[in-house]
Amino acid sequence: MRTVNAYAAPSATEPLVPTTIERRDVGPHDVLIEIAYAGICHSDIHTVRGDWGDITYPQVVGHEIVGTVAEVGSEVTLHSVGDRVGVGCMVNSCRECVNCKAGMENYCLKGNIQTYNGIDRDGTVTQGGYSTHVVVVEDFVLRVPEAIPYETAAPLLCAGITTYSPLAHWNAGPGKKVAVVGLGGLGHLAVRIAAAMGAEVTVLSQSLKKQEDGLRLGASHYYATSDPATFDELANSFDLVINTVSAVLDLDAYLGLLALDGTMVNVGAPGEPLPLHVFTLFGNRRSFAGSGIGSIAETQEMLDFCAENGISAEVEVIAADQINEAYERVLASDVRYRFVIDTATLA
Ligand code: NAP
Ligand code: ZN
Ligand code: ZN
């Protein structure tokens with residue numbers, strides 16, 4: 001075991017505080033990563049605040065991890081000391097179910113093993129990236145291309161793959177009209193990725209405050225959802241709507257924006273159920289779908305796609321003692337567009 005510095009939530013209602021945690025010894029198939037940066041995902045906030053149910057405390061979250069390989073186990077073949085690597089939302093899976101065998105570990109039928117608030121196959125409790133080091137089995141560790149700086153690469157490990165996967169699956173590309181709802185961490189990468197895939201992208205944000213940014217990120221159109229006229233003007237027009245909003249929305253209003261055979265994919269994950277009226281789906285033979293992160297292979301594909309297309313996140317790098325302030329800004333939709341913790345400030 002090794003003791004490392006970290007930042008932890010002591011309870012659902014208290015601010016995060018500095019602490020130390022134990023990382024397991026490097027096993028034959030493990031990689032020890034010296035973490036350089038860790039992104040702050042809204043899922044970290046949902047988790048520590050108990051939005052998704054009770055968790056154990058103290059809890060160290062963070063699942064957008066990038067850094068350098070510091071040590072490898074005796075059997076490791078995929079990574080070497082000094083490699084630039086990343087870890088996303090999962091660190092293992094059952095490896096035996098039909099979905100794991102099909103290479104879709106994110107949909108493991110036993111539940112993929114989450115980077116934090118989970119129990120790894122060896123029985124150790126998983127703890128996230130708001131720390132200086134992490135030990136992960138080699139085949140759940142991604143290669144971060146040289147072309148992407150560490151700090152702007154970190155958010156790709158969750159926000160990037162979570163938006164890339166549905167955009168790729170539902171064929172965002174030339175001739176397709178894609179709407180992105182919510183211009184936050186996931187949303188701003190969805191805009192960049194969908195535009196790079198060749199789709200015509202529209203941002204649907206609560207206000208026009210971030211319009212200039214949305215257009216610069218690659219959107220062709222930008223509308224405020226606070227204006228009811230938006231929903232009349234855009235009715236029946238999109239092939240794909242990606243909903244990244246962390247709160248409950250009026251789904252029927254957004255489903256009404258889909259054209260014939262269009263699909264709305266929910267990646268936003270509010271704790272409460274999202275009601276919808278099935279008659280909205282009957283019109284235009286619309287589909288309502290969900291999507292959870294992406295597989296390891298697809299995450300590598302996304303990282304390589306982003307490197308080739310010059311895509312990474314727009315970040316505000318913060319010190320560890322600014323995490324609590326950053327949480328409040330994320331909750332106020334005041335993130336431009338991902339907070340990333342410089343883990344050197346944990347030392
Ligand atoms: P974020 O940075 O906070 O972005 C969410 C955006 O949603 C905000 O910036 C805001 O955009 C909009 N929004 C927030 N509250 C709203 C409200 N009450 N009504 C309308 N719009 C609102 O969060 P994130 O890190 O991108 O994560 C977004 C959601 O995805 C979270 O629920 C997270 O847990 C979930 N998630 C899911 C997966 C998955 O695998 N499915 C993976 C990662 C994250 P505007 O200011 O532009 O309106
Ligand atoms: Zn996340
Ligand atoms: Zn499985």
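The values are calculated or read from the model by the stated rules, or taken from the named source; none is laboratory data. The shown structure was predicted, so the numbers you read here are calculated from the model rather than taken from an experiment. Reconstructed Cβ throughout: ideal geometry from the backbone, glycine too, with neighbour counts over all protein chains shown. Keep in mind that these areas ignore ligands, DNA and RNA; they rest on the heavy atoms of the full protein, side chains included. Shrake-Rupley method; radii C 1.70, N 1.55, O 1.52, S 1.80 Å.
Quick rundown of the values:
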read-out	value
Matching entry among Arg192, Arg216, Arg121 (being of a type in the set (Lys, Arg) and in the same structural domain as Tyr337 (by TED's automatic domain parsing))	Arg121
Meets criteria (more than 16 Å from ligand 1 (Cβ to nearest atom) and open to solvent by 50 Å² or more (accessible area, probe 1.4 Å)) for Glu151	yes
Flag for Ser312 being within 16 Å of ligand 1 (Cβ to nearest atom) and either crowded, with 19+ Cβ neighbours inside 10 Å or in contact (Cβ under 8 Å) with a residue 24 or more places away in the chain (or both)	yes
Failed condition for Ile161, given (1) out of contact with any Asp or Glu (no Cβ under 8 Å at 6 or more places or on another chain); (2) within 19 Å of Ala269 (Cβ to Cβ); (3) crowded, with 17+ Cβ neighbours inside 10 Å	(1)
Wholly enclosed strands (runs of 3 or more DSSP E) of segment 242-347 bearing at least 3 residues over 19 Å from the mean Cα position of the chain (by Cα)	258-266
Some residue of segment 113-122 being closer than 16 Å to Asp304 by Cβ, under 14 Å from the mean Cα position of the chain (by Cα) and open to solvent by 10 Å² or more (accessible area, probe 1.4 Å)	no
Hey, Val98 surrounded by fewer than 17 Cβ atoms within 10 Å (Cβ to Cβ) and either of a type in the set (Ser, Thr, Tyr) or away from ligand 1 (no atom under 16 Å from the Cβ) (or both) or not	yes
Enumeration of residues in segment 8-31 that are under 21 Å from Cys158 (Cβ atoms) and either within 14 Å of ligand 2 (Cβ to nearest atom) or touching an Asp or Glu at 6+ places or on another chain (Cβ under 8 Å) (or both)	Val31
Among (1) touching a Gly at 6+ places or on another chain (Cβ under 6 Å); (2) open to solvent by 40 Å² or more (accessible area, probe 1.4 Å); (3) free of Cβ contacts under 8 Å to residues at least 40 places away in the same chain - the single one Tyr222 does not satisfy	(2)
Residue that is assigned by TED's automatic domain parsing to the domain that holds Ile65, touching a residue at least 12 places away in the same chain (Cβ under 8 Å) and closer than 30 Å to Lys209 by Cβ, where the choices are Thr126, Thr152, Thr132, Thr115	Thr152
Any hit, segment 169-183, residues being touching a Ser or Thr at 6+ places or on another chain (Cβ under 8 Å), under 25 Å from Gly290 (Cβ atoms) and among the aromatic types (Phe, Trp, Tyr)	yes
Selected residue (criterion: surrounded by the fewest Cβ atoms within 10 Å (Cβ to Cβ)) from residues of segment 20-75 that are hydroxyl-bearing (Ser, Thr, Tyr) and within 13 Å of ligand 1 (Cβ to nearest atom)	Thr47
Qualifying positions in segment 198-223 - on the phi < 0 side of the Ramachandran plot and touching a helix residue (DSSP H, G or I) at 6+ places or on another chain (Cβ under 6 Å)	Val201, Val203, Leu217, Ala219, Tyr222, Tyr223
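To keep it simple, each residue is scored yes or no on (1) of a type in the set (Gly, Ala, Ser); (2) in contact with a helix residue (DSSP H, G or I) (Cβ under 9 Å, 6 or more places away or on another chain); (3) under 30 Å from Gly62 (Cβ atoms).
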position: Leu234; (1), (2), (3): no, no, no
position: Asp239; (1), (2), (3): no, no, no
position: Asn243; (1), (2), (3): no, yes, yes
position: Ser246; (1), (2), (3): yes, yes, yes
position: Leu257; (1), (2), (3): no, yes, no
position: Leu274; (1), (2), (3): no, yes, yes
position: Thr299; (1), (2), (3): no, yes, yes
position: Val317; (1), (2), (3): no, yes, yes
